[in-house]
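What follows is a short report on a single structure.
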Amino acid sequence: MVGGRALRAAPGLDDESLSPVDVETLMLDQSQMRAITGAGADLTIIPSMDGKVPVDIDQLAKTTPPQCQWIFEETQTFGPDVEEFHKTTFQNPPRGGLISEGAAAYRDPATARRAFDGLVALVDGCASTTFGQMFVGEWSATPDSVQTRPGNGCGRYYRVKNVVLVEVTSCAFPGSVPDIVMTNILARVPN
């Protein structure tokens, strides 16, 4: 016997999600990421960078021009209407490589489209500043994707499909690696 009174457990972060897609079903596991990157057992999850909530790194954002702060503020990157979220960052210390996979799910395609269009506007706004080359670099957009490449061997890749906005970031991996990660995640998103 234990003293006290019974309380209902606190609801989970996405228990009341209005999204028809569960982002957990989209994420690639560590073995898949190891195979895609070719890093094998050297590719490990960074423990503090595997979460179900968009993270803002306020200290870095404060040192960044306002138009580029979204790079360090996932709440801006993905917008205010996220129903479900998961992002995992992997490291490959022998080669100094990083790669992350992230997905935000929204209640409907129109909301996901607004989030994506907002992101494209953020990229454009940052690119137009004097620091744009450093934070965004060369960038391109299509109706469903946007890519940034600041020229330091890193890049950010975003795609919208149905109710999901997917992000893949990559440093020190060949350009084909984030493309393969993105393709595998998008293949799991229903039409």
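The values are calculated or read from the model by the stated rules, or taken from the named source; none is laboratory data. Being a predicted model, the structure only gives us computed values, none of them experimental. Positions of Cβ are backbone-derived with ideal geometry, glycine not excepted, and every protein chain shown enters the neighbour counts. Side chains are part of the model used for accessible areas, which takes the heavy atoms of the whole protein and leaves out ligands, DNA and RNA. Shrake-Rupley method; radii C 1.70, N 1.55, O 1.52, S 1.80 Å.
With the contact rule set at Cα under 8 Å and sequence spacing of 6 or more, what percent relative contact order holds for the chain?
22 percent
Between beta-carbons, use under 15 Å as the cut-off and find the net charge around GLN147, counting Lys and Arg +1, Asp and Glu -1. Walk me through the intermediate numbers first.
Working: positive: ARG149, ARG156, ARG159; negative: ASP124, GLU138, ASP144, GLU167, ASP179.
So the surrounding residues net to -2.
HN-Hα J couplings of region 143-155 from phi, Karplus 6.51/-1.76/1.60, θ = phi - 60°, integer Hz, Gly and Pro as x?
Couplings: x, 10, 8, 9, 10, 10, 9, x, x, 9, x, 10, x Hz.
What number comes out for accessible area per residue over the chain if the probe is 1.4 Å? Units Å², please.
Ligands and nucleic acids excluded, the result is 53 Å² per residue.
So what J values fall out for region 159-176 if you push phi through Karplus, 6.51 cos²θ - 1.76 cosθ + 1.60 with θ = phi - 60°, rounded to Hz, Gly and Pro as x?
For region 159-176, the Karplus-derived couplings read 9, 10, 8, 6, 9, 10, 10, 9, 10, 10, 10, 8, 9, 6, 10, x, x, 5 Hz, x marking Gly and Pro.
Can you pull the percent of the chain's accessible area that's carbon plus sulfur, 1.4 Å probe, other chains left in place?
Taking all protein chains in place, the chain shows 54 percent carbon and sulfur surface.
Using each residue's phi in region 53-70, evaluate 6.51 cos²θ - 1.76 cosθ + 1.60 at θ = phi - 60° and report the 3J(HN,Hα) Karplus result to the nearest Hz, with x for Gly and Pro.
With coefficients 6.51, -1.76 and 1.60, one gets 10, x, 10, 9, 9, 4, 5, 6, 4, 4, 9, 10, x, x, 5, 10, 4, 4 Hz.
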